[in-house]
Amino acid sequence: MSKKALILIADGTEEMEFTITYDTLVRAGIHCTSAFVSAVDTESPTNDAYHAPPFATCSRGIRIVSDEVFSPQHAGPDKYDLLVIPGGAKGAETISASEPVLHLVRAYVDAGKHVGMICAGSLAALRSRLPKQPLTSHPSVKSQLENDFEYSEDPVVISGTLVTSRGPGTTFPFALTLVELLCGKEKRKEVEGPMVFPGGHV
């Protein structure tokens, strides 16, 4: 049975962190769904945006149309194997300020499902009050995290089912780590090879 991932997106999300993660997971056969988180949580089915997902204007101006509008009722750990929160300062702030998203992060962790956070997306670990554990982030938000977590500057940090990473330049190892955790080492090698990284791997 195919694994499923929910990837959040908002205005200001970092394009590379969203698209590289989405693309890499799809290459591994993981079914991905993107969900738009608005600055003001909107869950009512009467809202026009609920029926027609808006595009997100990402951090460098690229517009990406999400698959759906974020709805906690359709995003639980009973429906997906992985929750991904990308960075980008403005997008990460919107996502990590959403109480429904923070509740969802705790629900995934409690259910033993994987949660991936990259760049400023790691702020969601702080705001969802996850226990002190190894974690990394973009340097710009290190000061907000280092007192509450065992802060690391490794490119990718795995702590139980929580996977964190640093920024756009670490998105490939971040995404491939998620592939390995969900699908195994052989699938990671299968996906990584055709990408033709310098030196053969990341």
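The values are calculated or read from the model by the stated rules, or taken from the named source; none is laboratory data. Please read these numbers as outputs of a predicted model, since none were measured by experiment. Virtual Cβ from ideal backbone geometry, glycine too; neighbours counted across all protein chains shown.
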Going by the structure shown, is V196 among the aliphatic types (A, V, I, L, M) and within 23 Å of L83 (Cβ to Cβ)? no
Testing E150 on (1) touching a strand residue (DSSP E or B) at 6+ places or on another chain (Cβ under 8 Å); (2) surrounded by 15 or more Cβ atoms within 10 Å (Cβ to Cβ); (3) free of Cβ contacts under 8 Å to residues at least 24 places away in the same chain, one condition comes back false. Which one is that? (2)
Regarding the stretch 124-132, can at least one residue be identified that is surrounded by fewer than 20 Cβ atoms within 10 Å (Cβ to Cβ) and free of Cβ contacts under 8 Å to residues at least 12 places away in the same chain? yes
Out of all the residues in the stretch 177-200, which are touching a His at 6+ places or on another chain (Cβ under 9 Å) and closer than 17 Å to H114 by Cβ? L178, L181, L182
Of the residues in the stretch 109-122, those that are surrounded by 23 or more Cβ atoms within 10 Å (Cβ to Cβ) and part of a helix (DSSP H, G or I) come to C119, A120, G121, S122
Does the stretch 59-79 include one or more residues that are at pLDDT 95 or above and over 17 Å from the mean Cα position of the chain (by Cα)? yes
Output the residue which, of all residues in the stretch 73-89 that are in contact (Cβ under 8 Å) with a residue 40 or more places away in the chain and surrounded by fewer than 18 Cβ atoms within 10 Å (Cβ to Cβ), is farthest from K113 (Cα to Cα). A89
